[in-house]
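Trainee: Structure provided below as structure tokens; questions to follow.
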Amino acid sequence: MPETAVPGATTPGANGKAALAVSGLRKEFGPLVAVDGVSFAIPEAGSLAIVGESGSGKTTIARMIVGLERPTQGTITACGNDRSRPARSARDRRRRGREVQIVFQDPYTSLDPRQNAEATIDEVLRLHHGWPADRRRTRIAELTGLVGLDARQSRALPRALSGGQRQRVAIARALAAEPRVLILDESVAALDVSIQAQVLNLLADIRDETRVSFILISHDLAVVRQLTDEAIVLRRGQVVERGPTAHVLDDPQHPYTQRLRASVPRPGWKPRRGKLPAAGEEDPTP
Amino acid sequence: MSDQAPAAAVTPAEATPGTPLLDVDGLTVRLPIEGIHRPVLRDVSFSLRQGEAFGLVGESGSGKSMTARAIDRLLPAGAQVKGSIRFDGNDVSALTGAGLRQYRGQAAMIFQDPRAHTNPVRRIGDFMTEALRTNLSVPAGQARARAVDMLTQVGIDDGERRLQQYPHQLSGGMLQRVMIAAALLTKPRLLLADEPTTALDVTTQAEVMAILDGLRREFGLTMLFITHDLELAAAICDRTAVMYAGQIVEIRRSSLLHDDPLHPYTAALAAARPDIAQTAHRLRAIPGRPLSAFEAPLDECAFAPRCPHAQDACLTAVPGLTETGGGLSRCVRTHELRGKLQVASDA
């Protein structure tokens, strides 16, 4: 996809061909600092996990990258184009849509209840690529095939689909824009184990076939291990640990990562009360 | 996962000596769905020994929550119930009015989403002491003192202040501790814990499970623990039942469930889960989707369409729950497949 450069576009801190880079990212909501000095870069076809618990700022980072929140400070660069500030035109916004797409957690609220999968994908193809009808039809068939939706499912309204099927529609819709970066914000968390495995295998196939870069936002360390090469661990808006996913999970260095790792049930696991002051610190009231 | 070698010997002591605290026998529940009564539970039978922790594991729609609701007589209106539920030898279905309220104090429920089960405009203190004051006629002052004491036991030290607060002022983990404390206040003998930690962060889950597990042992409580997480059930429960499409397909000592499963569905469930300790080339996904009980066929094994081991014999009748290797399995090929149900994912 040839892109026209936007005035002021820079790539600070991007090492070589970063598909996405964020630098010194900060977001304040009133007195609360939700994201505090976060930097990372993802190479083309790379994958990064953002690991953290509720309130760690991981979803806020995703929302800033796709433009649903405006950073208080810091820069976000996708494919060499700055996206730290709101898009100035519809054209600019659409270009950004071809750079980064997102799949949300809840497959029940992220689809238009009046649109079937084919119409959903068709709209994206028309908007982003402006292709004629026959080319769109071919591409719809390819995309629904890639995510494993059959002909009946592709023409069914969301209410007639299961959670796993809806999430496949959401993934196909995101891929229709041919993004360079796909953000998966807890995209498999709501799925049953047997369906989750199907969707994780599908995502691995997509990564191998399309060279799209992944940002996987997840609290589930096993899912993170399955899908990503690199990981950052967030706690209260700050990165406390980063490195190759296997290293971070097998040999966590930060006490918080160690505690996260130790909290995952496994054979022989016994739950223990944590050493960190849990009762006071998790209390939202001052 | 290869942390532990498969247990070679199987203890035969799965039988229940004496009168069980809870005995569920042939429980079948039908609910009106689109105007027709359809089954949500089919022939569910199990017994809980005094002091035992018993897990109920399954995917959504498998019937695990319905089982707990049926036990506590909290099924939706219009439900048709067959089979028997006995608590301490007494028929639960015969209870009414005060007897039923008292029973619910004895068999206390902890729900998945504490926010959905607390009244947002009432204070924590009201909520916690209500059952004591109205069902057990405990004076208000005494009820509050007991509530504060119980909050201390679940790790909340400033109980007096908490009683004055509203649910929205507490975090999810804190509120779930309040729910546990409230459930324990009526001195129950049975805890029905329905996914009590599913909505919580993992570190908070570990905390809450430690509290629940510790107090359960301390008070000698019996617990029915419902979860979708096989590993969590295995870690917490003495025995675990696996449910599929409204039926129990396996009951087994939890320590054996993972490495030596009896039913192909149990093995498939364990293998489908990604492993935190290693990256699988591909996960062993189970094809298709989980069936609800009312979709399950009445004349063949409900799991057969998704089962890699299905044969013609699986399609002739619903298999019974038969005793094998110290556990129970609802599979006609259980004996043949024993030890061949590979659990680990492909590395």
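Trainee: Before we move on, is A:I206 modelled with pLDDT under 90, outside any strand (DSSP E or B), within 14 Å of chain B (Cβ to nearest Cβ) and over 21 Å from B:S62 (Cβ atoms)?
Mentor: yes
Trainee: Provide a single number: the residues in the stretch A:209-225 that are more than 7 Å from chain B (Cβ to nearest Cβ) and in contact with a Pro (Cβ under 6 Å, 6 or more places away or on another chain). Steps first, answer last, please.
Mentor: As a first pass, look at the stretch A:209-225 and keep what is more than 7 Å from chain B (Cβ to nearest Cβ): A:209-218, A:220, A:224.
With in contact with a Pro (Cβ under 6 Å, 6 or more places away or on another chain) added as a condition, the list becomes none.
Within the stretch A:209-225, residues that are more than 7 Å from chain B (Cβ to nearest Cβ) and in contact with a Pro (Cβ under 6 Å, 6 or more places away or on another chain) number 0.
Trainee: Continuing with this model, one more query. Can you tell me how many residues within the stretch B:179-217 are within 14 Å of another protein chain (Cβ to nearest Cβ) and in a helix (DSSP H, G or I)? Step through it out loud before you land on a result.
Mentor: So the first thing to find is which residues in the stretch B:179-217 are within 14 Å of another protein chain (Cβ to nearest Cβ), and the list is B:180-181, B:193, B:195-217.
So of that shortlist, the ones also in a helix (DSSP H, G or I) come out as B:180-181, B:202-217.
Of the residues in the stretch B:179-217, 18 are within 14 Å of another protein chain (Cβ to nearest Cβ) and in a helix (DSSP H, G or I).
Trainee: Could you grab me the full set of residues in the stretch B:259-287 that are of a type in the set (V, I, T) and more than 7 Å from chain A (Cβ to nearest Cβ)?
Mentor: Within the stretch B:259-287, just B:T266 meets the criteria.
Trainee: All but one of (1) within 14 Å of another protein chain (Cβ to nearest Cβ); (2) more than 17 Å from the chain's Cα centre (by Cα); (3) not in a helix (DSSP H, G or I) hold for A:A190; state the number of the condition that does not hold.
Mentor: (2)
Trainee: Take the stretch A:109-128 and flag every residue that is assigned to a helix (DSSP H, G or I) and in contact (Cβ under 8 Å) with a residue 24 or more places away in the chain. Give the steps one after another, and end with the answer.
Mentor: As a first pass, look at the stretch A:109-128 and keep what is assigned to a helix (DSSP H, G or I): A:117-128.
A:A117, A:E118, A:T120, A:I121, A:V124, A:L125, A:L127, A:H128 - these are the residues of the stretch A:109-128 that are assigned to a helix (DSSP H, G or I) and in contact (Cβ under 8 Å) with a residue 24 or more places away in the chain.
Trainee: Of the residues B:D201, B:D194, which single one is in contact with a Ser or Thr (Cβ under 6 Å, 6 or more places away or on another chain), under 14 Å from B:D113 (Cβ atoms) and charged (D, E, K, R)?
Mentor: Details: B:D201 fails: under 14 Å from B:D113 (Cβ atoms).
Going through B:D201, B:D194 in turn, just one is in contact with a Ser or Thr (Cβ under 6 Å, 6 or more places away or on another chain), under 14 Å from B:D113 (Cβ atoms) and charged (D, E, K, R): B:D194.
Trainee: Now for a separate question. Could you figure out which of (1) touching an Asp or Glu at 6+ places or on another chain (Cβ under 6 Å); (2) farther than 24 Å from B:S254 by Cα isn't true of B:T96?
Mentor: (1)
Trainee: Would you be able to say whether some residue in the stretch A:69-85 is part of a loop (DSSP other than H, G, I, E, B) and under 16 Å from A:L184 (Cα atoms)?
Mentor: Here is the first cut: in the stretch A:69-85, the ones part of a loop (DSSP other than H, G, I, E, B) are A:69-72, A:79-80, A:83-85.
Now restrict to residues that are under 16 Å from A:L184 (Cα atoms): none.
No, the conditions are met nowhere in the stretch A:69-85.
Trainee: Return the residue satisfying two criteria in turn: it lies in the stretch B:250-302 and is surrounded by 22 or more Cβ atoms within 10 Å (Cβ to Cβ), touching a Gly at 6+ places or on another chain (Cβ under 7 Å) and aliphatic (A, V, I, L, M), and of such residues it is modelled with the highest pLDDT.
Mentor: By that ranking, first place goes to B:I251.
Trainee: Select from the stretch B:228-251 the residues that are part of a strand (DSSP E or B) and either at the interface with another protein chain (Cβ under 9 Å from one of its Cβ atoms) or not polar (S, T, N, Q) (or both) and list them in ascending order.
Mentor: Keep residues of the stretch B:228-251 that are part of a strand (DSSP E or B), which gives B:239-244, B:247-251.
Those that are part of a strand (DSSP E or B) and either at the interface with another protein chain (Cβ under 9 Å from one of its Cβ atoms) or not polar (S, T, N, Q) (or both): B:R239, B:A241, B:V242, B:M243, B:Y244, B:I248, B:V249, B:E250, B:I251.
Trainee: Which numbered condition trips up A:E282, out of (1) of a type in the set (D, E); (2) in contact with a Gly (Cβ under 6 Å, 6 or more places away or on another chain); (3) modelled with pLDDT of 95 or more?
Mentor: A:E282 satisfies every listed condition except (3).
The values are calculated or read from the model by the stated rules, or taken from the named source; none is laboratory data. Owing to the predicted nature of the structure, the values given are computational and were not obtained by experimental measurement. Please note: Cβ atoms are built from the backbone with ideal geometry, for glycine as well, and neighbour counts cover all protein chains shown.
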